[in-house]
1. Filter the range 75-89 down to the residues that are among the polar types (S, T, N, Q) and either free of Cβ contacts under 8 Å to residues at least 12 places away in the same chain or not in a helix (DSSP H, G or I) (or both) and list them by number.
2. Looking at the range 1-51 only, could you name the residues that are in a helix (DSSP H, G or I) and among the β-branched types (Val, Ile, Thr)?
3. Out of all the residues in the range 131-147, which are farther than 16 Å from Lys102 by Cβ and either of a type in the set (A, V, I, L, M) or touching a residue at least 24 places away in the same chain (Cβ under 8 Å) (or both)?
4. In this structure, does Glu126 turn out to be among the acidic types (Asp, Glu), farther than 30 Å from Glu6 by Cβ and surrounded by fewer than 15 Cβ atoms within 10 Å (Cβ to Cβ)?
5. I'm trying to understand the selection: among the residues of the range 102-120, which are among the aliphatic types (A, V, I, L, M) and farther than 16 Å from Asn58 by Cα?
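What follows draws every value from the coordinates through simple rules; no lab data is involved. Here the structure is a predicted model, which means the values were calculated and not measured. A quick note on method: Cβ atoms are made from the backbone with ideal geometry, for glycine too, and the neighbour counts reach across all protein chains shown.
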Amino acid sequence: MAPTLEEKAKCFLNMGRLMEQMHDFEMAIKYYSTALSLEPINNETWYFIYNNLGFSLNQLQRYAEAESYCRQAIQIEPQRHNAYKNLGVAMEGQSDYFAAAKCFIQSVQTNAADPRALKHLEQLAEKHPTVTVDMVNFESQLEICRTAVAKRLGLTG
């Protein structure tokens, strides 16, 4: 039996993931773009194609392109955290530190068990201290994120 377009899309998605692991982001983008062109019907497949395209584009510092794919992923499945984190990276890469901080905070709020967004948020505050002033309640938001991550990872008593 011939594979469906959905199965083919998942195959290209997995090939893209493999290329990411090999740090070949140009090839990852090609595989993800092929998967996208197959127009899968499963929302999870769509989400990861868009999210992973955004991630790979960020790795190549193509932040404006990455932004649009991350926003598409969020629109498809707003309850997942990865696209918020990747959108934050894209926004930081475009020097929109306020938007980046908001995305990192949203990522932590969506899934505090993944500490990567908190790490990005802390690094953003270190590299661009103006964000701590520009954003109302930045310090309290940062502390809430730290507490949430520590609690989810079992680092608190």
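1. Gln75, Gln79 - these are the residues of the range 75-89 that are among the polar types (S, T, N, Q) and either free of Cβ contacts under 8 Å to residues at least 12 places away in the same chain or not in a helix (DSSP H, G or I) (or both).
2. Just the residues of the range 1-51 that are in a helix (DSSP H, G or I), to begin with: 5-21, 25-37, 43-51.
Ile29, Thr34, Thr45, Ile49, listed by residue number.
3. Residue satisfying the conditions is Arg146 alone.
4. Details: among the acidic types (Asp, Glu): yes; farther than 30 Å from Glu6 by Cβ: yes; surrounded by fewer than 15 Cβ atoms within 10 Å (Cβ to Cβ): yes.
Judged against the criteria, Glu126 is a match.
5. Once the filter is applied, which keeps residues that are among the aliphatic types (A, V, I, L, M) and farther than 16 Å from Asn58 by Cα, the range 102-120 yields Ile105, Val108, Ala112, Ala113, Leu118.
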